Every structure is written in C-alpha cells, then in structure tokens.
Ligand SMILES: *Cc1c(COP(=O)(O)O)cnc(C)c1O
C-alpha cells in the first residue's frame, strides 16, 4: 500500500464527510412510494428538521436541489421583480447570493462588512433611512463559508426593531454545527441543504418559514413547483416533494437526524466549538514565527464554528503536498483576494477530534517538508484545546 492509502480525509467545506451509518441507511431499494412506511419516515424527518432549526411555530418545506435551489426558492415565494432587499455581506457567499438575486431582478441594497460580522448599528441606520419601508427583507449568511465569518443573528434581529422587513438567514454552512433558535431569534425564513452540517450527500435543500413568512401572498414569480404553499399544506408524500420523493435521501437524512438526536445538540455544538478553537489555536501558534499566517476573521466572536479561513503563504503548495503525500484534502481560498495563498479548513458535520488532530499534524508535516516558516509549538498548543477544553 502507499502512504496515502487508508481512510482519506476530505476537510473541505462541503460536501462534508458522510458517516457509514448514513451511507448504509441510504443503501436500500426504493419501497412503494405510496405506502405508509415512507410517508411516516418523511413526516418524522420533517418534524426533526424543525427541532434542529429550533422552531415549533414555523413550517419546514423540502426541495430536491442544492443550496442554490434553496436561494431561488426564497425569491420565488416572497418577491417579485424590482422588490428591494437589504443584504448583509461578509464574504464571497453573500456577494454571490446578491449577484444571483440581482440577476433575477431584485433591487439588492448591500451592506459590506469585509471578513467581519455584520454590524447591527449599520443595519439599524440603513433601516431607519428606509422611511417608506421599501425593504422587504434583510438577508444574511449565518456562516459565510468563504470568509468563515459567523453572524450574530439575535443582534441582527434586535437591530431591525419595528421595521416590517422579513429576516432571511442562509444556514447552509451552519445548521447542525452552530446553535439555531429560529423561533426565539425571530428568523422568518431559514435556508439549509443536506451536504454540510447535516452529514448527507448533496441533493436536498430545505426552507423553514415562520407563520408571518408563510402568510405572504404568492407573487408573479411563484410557480407551482417552487410554491411553498402547496408543500406546507401537503397530505400525500408526493405533495411534500413536488413529485417523486428522493427516497434514499430521505433514508439518509433520517439516519443523520437520529445520530444527532443520540448525541444531543449541546454536545454537537460543544464539539464544533472545541474543534474550531483547536484550529484557530494551531494557526495562531504557527503564525508566531510567520506573521503572514493569519486567520481571516480577527474577532474571535465572529469566527465560524464549522470552517476556518486562513491567509497562508504557500497554501497552493501545501494543498498539493497534503493530497499527494498524506491523503488529506483541504479547501481552496474561495473568494479570497489572493486565493493561491489562502486556505479553508472544514470542521463541519461528521468530524471527530482525531480527524482535526490528523489534519493539523499533516499540515505541520507539510510545512516542514516545504520549508514554510512556522512555530512548531502551534500543534502542541492545539492539543491543549482537546486536553483541557474548559481552559481554551
Ligand atoms: C455551500 C453554500 C451555499 C451553496 O450551496 P450549494 O449546495 O453549493 O448550491 C450557499 N450558501 C452557503 C453559506 C454555503 O455554505
């Protein structure tokens, strides 16, 4: 066998690793889609997706599609040509979302925050200036997967005070990794997809709609397939999914949600928090002897718990060393100013502490092999996050 044989580690921010249990659950022939068993599994799955998002009052609506499909489903249900939305941008994903909404015909007003969390004071200012209440929605990525910024959703909601805009949150890279309390936080529409924190193959996406969002009238853009109104009042299985249900995805998602229930959300969020801190500690430690190695997000409060972006001179060389010499794949510097010298490390979904230790160990080996200056203490400091999690 070669040195890169054995279980490979793919630490890119989506699709994330799929547990064997989930793969096995999906490895089943399709049953009768008109039978009771699948209908019951589907209902149970939707109920558990509401639990995961922290909503009992809202609705969850499933679609076959990726995250981009979820983005467009929101537009098609809530907006029409020329509607104004206020987009809070902290990285490439927010920017790209805005470009697509503009291309579809929305009037997108942007507030740019760079690789930092949206500032509630600037949001409040923008909404106060909207005297004729034209802004229909405030839209934000909970975690921008490119910059690795995590937004403070309750602070954003608080800044909206009595403005009637809906709050639309892209939780594609955060759901299942960082807390989400849709009802308590006053989120009107939440978007997520199967292949990141939900530990499943790509292929399904979900919208959660508050009572207020669900009560919005259909628009000129609303077409029968994407209309969430039909799916919200669905009775038959095919009505939930707008046609043939993605049977094996339903099996996979159902198993993934069982794993999450067994672990408990508190333990899952604590694990992601510990792993994220270990990754930050390692890069900050290595950077002590190479000031060009810096985390993209300076404020610890604004750092994502599912992915970490790093300015890293020699990232391209390191990436290729890791994949050819150690069987580890890390993320590209998507949307970075200098992508060849930027990397992203995913710690989302099905990721154990040993995986993070292996990736960090491989990175330090790669830096030695490539003579990239670093402080060797970085790895040692990162191990402390696992040895004494309470102190980090
Ligand atoms: C991955 C991602 C998307 C896009 O999802 P696709 O499944 O690739 O279409 C959108 N927003 C965020 C925050 C993401 O992480």
Checklist entry - Taking 1 over the mean of 1/r across every pair of different Cα atoms in the range 128-200, what Kirkwood radius in Å do you get? => result 13.0 Å
Next on the checklist: How tilted is helix 353-369 with respect to the longest principal axis of the chain? Cα atoms for both, answer in degrees (0 to 90, nearest 10).
Outcome noted: 50 degrees
Checklist outcome for this item: By the Cα gyration tensor axes a ≥ b ≥ c (a/c under 1.5 gives rounded; else a/b larger than b/c gives prolate, otherwise oblate), the shape of the range 34-86 is prolate
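Can you work out the FRET efficiency for the pair residue 232 and residue 353, with r the C-beta to C-beta distance and R0 = 51 Å, to the nearest 0.05?
So the FRET efficiency works out to roughly 0.80.
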Item to check | Estimated D of the chain in µm² per second, where Rh is the Kirkwood radius over Cα pairs and Stokes-Einstein applies at 25 °C, 0.890 mPa s | outcome: 113 µm²/s
Item to check | Tilt relative to the chain, helix 247-263 - C-alpha long axis, 0 to 90 degrees, to 10 | outcome: 60 degrees
Checklist entry - Taking the simple approach of a point 7 Å from Cα along Cα-to-Cβ for both residue 134 and residue 183, what is their distance in nm? => result 3.7 nm
Checklist entry - What is the order of 200, 351, fewest Cβ neighbours within 10 Å to most? => result 351, 200
Item to check | Spin-label pair residue 261/residue 317, simplified geometry with 7 Å Cα→Cβ offset, distance in nm | outcome: 5.1 nm
Checklist entry - Which part of the range 363-385 falls in the paramagnetic zone of residue 1, meaning amide N under 20 Å from the point 7 Å along Cα-to-beta-carbon? => result 363
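Please state the shape class of the range 219-306: rounded when a/c is under 1.5, otherwise prolate if a/b exceeds b/c and oblate if not, all from the C-alpha gyration tensor. List each step's numbers first, then the result.
Values: a/c = 3.78, a/b = 2.15, b/c = 1.76.
Note, shape of the range 219-306 comes out prolate.
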Checklist entry - Within the range 103-139, whose backbone N sits under 17 Å from a point 7 Å along Cα→Cβ of residue 337? => result 112-117
Checklist entry - In degrees from 0 to 90, rounded to the nearest 10, what is the angle of the helix 377-387 Cα long axis to the longest principal axis of the chain? => result 50 degrees
Next on the checklist: Taking 0.36 nm per residue of sequence separation and subtracting the Cα-Cα distance, how much length would be gained by fully extending the chain between residue 81 and residue 37, in nm to one decimal?
Outcome noted: 11.6 nm
Checklist entry - Rounded to the nearest 0.05, what FRET efficiency is calculated for residue 377 and residue 102 with R0 set to 45 Å and r the Cβ-Cβ distance? => result 0.45
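Arrange the peptides 135-146, 367-378, 207-218 so that the one whose residues have, on average, the most other Cβ atoms within 10 Å appears first.
Top to bottom by mean Cβ count within 10 Å: 135-146, 207-218, 367-378.
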Next on the checklist: Which residue fluctuates most in the GNM of the chain (Cα springs below 10 Å): 112, 284, 337?
Outcome noted: 337
Next on the checklist: Could you work out the pair-distance distribution P(r) of the range 284-327 from its alpha-carbon pairs, with 5 angstrom bin width and percents rounded to whole numbers?
Outcome noted: 5, 19, 22, 23, 20, 9, 2
Checklist outcome for this item: For the range 80-234, shape from the Cα gyration tensor axes a ≥ b ≥ c, cut at a/c of 1.5 then a/b versus b/c, turns out rounded
Next on the checklist: If I take all pairs of Cα atoms in the range 1-148, what percentage of them are more than 24 Å from each other?
Outcome noted: 53 percent
Next on the checklist: Going by Cα centres, the range 345-383 and the range 260-276 are how many Å apart?
Outcome noted: 21 Å
Checklist outcome for this item: 1/(1 + (r/R0)^6) with r = Cβ-Cβ of residue 219 and residue 119, R0 = 30 Å, i.e. FRET efficiency to nearest 0.05, evaluates to 0.45
Checklist entry - Using alpha carbon centroids, what distance separates the range 1-50 and the range 83-154, in Å? => result 33 Å
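Taken together, the values in this text are just the output of simple stated rules run on the coordinates, not laboratory data. Values in this document were obtained by computation on a predicted structure and should not be read as measured data. Cβ coordinates were reconstructed from backbone atoms using ideal geometry, including for glycine residues, and neighbour counts include every protein chain displayed.
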